[in-house]
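The values are calculated or read from the model by the stated rules, or taken from the named source; none is laboratory data. Just so it is clear, the model here is predicted, and its values are computed rather than measured. Here the Cβ positions follow ideal geometry from the backbone for every residue, glycine too, while neighbour counts run over all protein chains shown. For accessibility, only protein heavy atoms count, side chains too; no ligands or nucleic acids. Shrake-Rupley method; radii C 1.70, N 1.55, O 1.52, S 1.80 Å.
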Amino acid sequence: MPTDETILITGANGEIGHGLIQHLCSSHQARIVATDIVPLDSSLQAACHTFVQGDITDPALAARLGGEHVFTTIYHLASILSTKGERDPELAHHVNVDGTLGLLRLASDQSGKLGRPVKFIYPSSIAAYGIPDLETKQRDGRVVREDEWCFPATMYGVNKLTCEHLGRYYAQHYRRLDQEAPMRIDFRGLRFPGLISALTVPTGGTSDYGPEMLHHAAQSKPYACFVRPDSQLPFMVMPDAITALLQLESARRENLGQLIYNVTSFSPTAAEILEMILRAFPAAQITFAPDARRQGIVDSWPADVDDSAARREWGWKPAYDMRRSFEDYLIPSVRQRYA
Ligand code: SER
């Protein structure tokens, strides 16, 4: 990436933000402008050209960012996740949808200044899917394509699907009546599975039982998993998630036949995650105490997704299958972290 690139990263202090900023600062020359509602982790400060603390739903933040910089790419990572979203659905809508709308508008204005479409990279989620019940999930919802089962059962999923459509609108149809020419953006979205990082733990999500089991076991802390052992979801480790974001960002537009792509790596049950963890931490104290609301969310998400479009169109391929994720990345890194 040439040095005249300026990248905006929202939600910089979150899990994906950590992984993305660490990767970009070691491999790219671009200027990183980061924003988050909380102060930036000290480990990320040196990597960022500028950090602005603020609320993405505050129009003054977008105005300040847009006034001071011309962005070539925006990674819009800030979001309230699925479990937290069910505690306050209207707040989730405000942050996840109104916040995204403000940034899409910013990207559109910036495309005018830049003279070409700003790339807007958007992490969507398996939460965009909603399978009506467990029986249907087991029978028909095993490997789901992007256009199937888009009936989310959580506010977070509704928000993600809404923002996918807003991204499509700003990429393909946006043109204000007072504008002579449209200022379209280059919107690209990924539907991520549950993500597991060795360096951070998620907050407020529903796939969190995977990373929570691991991080508790590594610290010899007891953990009660909030879903049944047979619960099955697609997962991916953070290095693959970062690779997917960067590959999609750098893909040639003419190779992209759709705006939203599934990406995934492995699809374990909660019992299979525990089995991998017990191999490394045989004394781990992990029990199962399913929570009906969170179990219902997991049962509405597909057991696996079809990511063949991403593989075919922009060369997506996870580097970490389940064995390699645990043996080469997660276990050695959490051991070191909690040593
Ligand atoms: N990890 C997210 C959640 O559980 C799904 O995208 O909410």
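Of all the residues in the stretch 97-122, those that are outside any helix (DSSP H, G or I), within 25 Å of residue 157 (Cα to Cα) and of a type outside the set (Val, Ile, Thr) number 3. Close Cβ contacts (under 9 Å, 6 or more residues apart or on different chains) running from residues in the stretch 7-27 that are over 15 Å from residue 73 (Cβ atoms) to residues that are open to solvent by 30 Å² or more (accessible area, probe 1.4 Å) and outside any loop (DSSP other than H, G, I, E, B) comprise 18/43; 19/239; 22/43.
Determine if the stretch 304-313 includes at least one residue that is touching a helix residue (DSSP H, G or I) at 6+ places or on another chain (Cβ under 9 Å) and open to solvent by 30 Å² or more (accessible area, probe 1.4 Å). Yes; the residues of the stretch 304-313 include at least one that is touching a helix residue (DSSP H, G or I) at 6+ places or on another chain (Cβ under 9 Å) and open to solvent by 30 Å² or more (accessible area, probe 1.4 Å). Would the stretch 104-124 turn up any residue that is out of contact with any Cys (no Cβ under 6 Å at 6 or more places or on another chain), without any contact (Cβ under 8 Å) to a residue 24 or more places away in the chain and either open to solvent by 60 Å² or more (accessible area, probe 1.4 Å) or more than 16 Å from the ligand (Cβ to nearest atom) (or both)? Yes, some residue in the stretch 104-124 is out of contact with any Cys (no Cβ under 6 Å at 6 or more places or on another chain), without any contact (Cβ under 8 Å) to a residue 24 or more places away in the chain and either open to solvent by 60 Å² or more (accessible area, probe 1.4 Å) or more than 16 Å from the ligand (Cβ to nearest atom) (or both).
Can you say whether residue 188 is open to solvent by less than 50 Å² (accessible area, probe 1.4 Å), under 30 Å from residue 18 (Cβ atoms), of a type in the set (Lys, Arg) and more than 12 Å from the ligand (Cβ to nearest atom), as far as the supplied structure shows?
The answer is yes for residue 188.
If a residue must be of a type in the set (Val, Ile, Thr) and over 18 Å from residue 301 (Cβ atoms), how many such residues does the stretch 80-106 contain? The qualifying residues number 3. Could you pull out the residue among 293, 323, 311 that is more than 16 Å from the ligand (Cβ to nearest atom), of a type in the set (D, E, K, R) and out of contact with any Lys or Arg (no Cβ under 8 Å at 6 or more places or on another chain)? Exactly one of 293, 323, 311 is more than 16 Å from the ligand (Cβ to nearest atom), of a type in the set (D, E, K, R) and out of contact with any Lys or Arg (no Cβ under 8 Å at 6 or more places or on another chain), namely 323.
If you go through the stretch 71-94, how many residues are farther than 22 Å from residue 23 by Cα, open to solvent by less than 60 Å² (accessible area, probe 1.4 Å) and in a loop (DSSP other than H, G, I, E, B)?
Of the residues in that region, 2 qualify.
Note on the stretch 36-68: residues that are assigned to a loop (DSSP other than H, G, I, E, B), open to solvent by less than 70 Å² (accessible area, probe 1.4 Å) and in contact with an Asp or Glu (Cβ under 7 Å, 6 or more places away or on another chain) amount to 1.
In the list 264, 203, which residue meets the criterion of being crowded, with 22+ Cβ neighbours inside 10 Å and assigned to a loop (DSSP other than H, G, I, E, B)? Full working, then the answer.
Values: 203 fails: crowded, with 22+ Cβ neighbours inside 10 Å.
Matching residue, one of 264, 203: 264.
Among the residues of the stretch 233-243, those that are more than 14 Å from the ligand (Cβ to nearest atom) and either aliphatic (A, V, I, L, M) or surrounded by fewer than 21 Cβ atoms within 10 Å (Cβ to Cβ) (or both) comprise 239, 242, 243.
Looking only at residues that are more than 6 Å from the ligand (Cβ to nearest atom) and touching a strand residue (DSSP E or B) at 6+ places or on another chain (Cβ under 6 Å) in the stretch 197-211, which one is nearest to residue 41 (Cα to Cα)? Checked the stretch 197-211; the qualifying residue nearest to residue 41 (Cα to Cα) is 211. Taken together, the residues in the stretch 1-35 that are among the hydroxyl-bearing types (Ser, Thr, Tyr) and either part of a loop (DSSP other than H, G, I, E, B) or open to solvent by 20 Å² or more (accessible area, probe 1.4 Å) (or both) amount to 3.
Give me a count of the residues in the stretch 76-103 that are of a type in the set (Gly, Ala, Ser) and free of Cβ contacts under 8 Å to residues at least 12 places away in the same chain. The qualifying residues number 0.
Determine, yes or no, whether residue 280 is away from the ligand (no atom under 14 Å from the Cβ), among the small types (Gly, Ala, Ser), closer than 21 Å to residue 328 by Cβ and crowded, with 22+ Cβ neighbours inside 10 Å. So that I can check it myself, show each step before the final result.
Values: away from the ligand (no atom under 14 Å from the Cβ): yes; among the small types (Gly, Ala, Ser): yes; closer than 21 Å to residue 328 by Cβ: yes; crowded, with 22+ Cβ neighbours inside 10 Å: no.
Spelling it out, it is not the case that residue 280 is away from the ligand (no atom under 14 Å from the Cβ), among the small types (Gly, Ala, Ser), closer than 21 Å to residue 328 by Cβ and crowded, with 22+ Cβ neighbours inside 10 Å.
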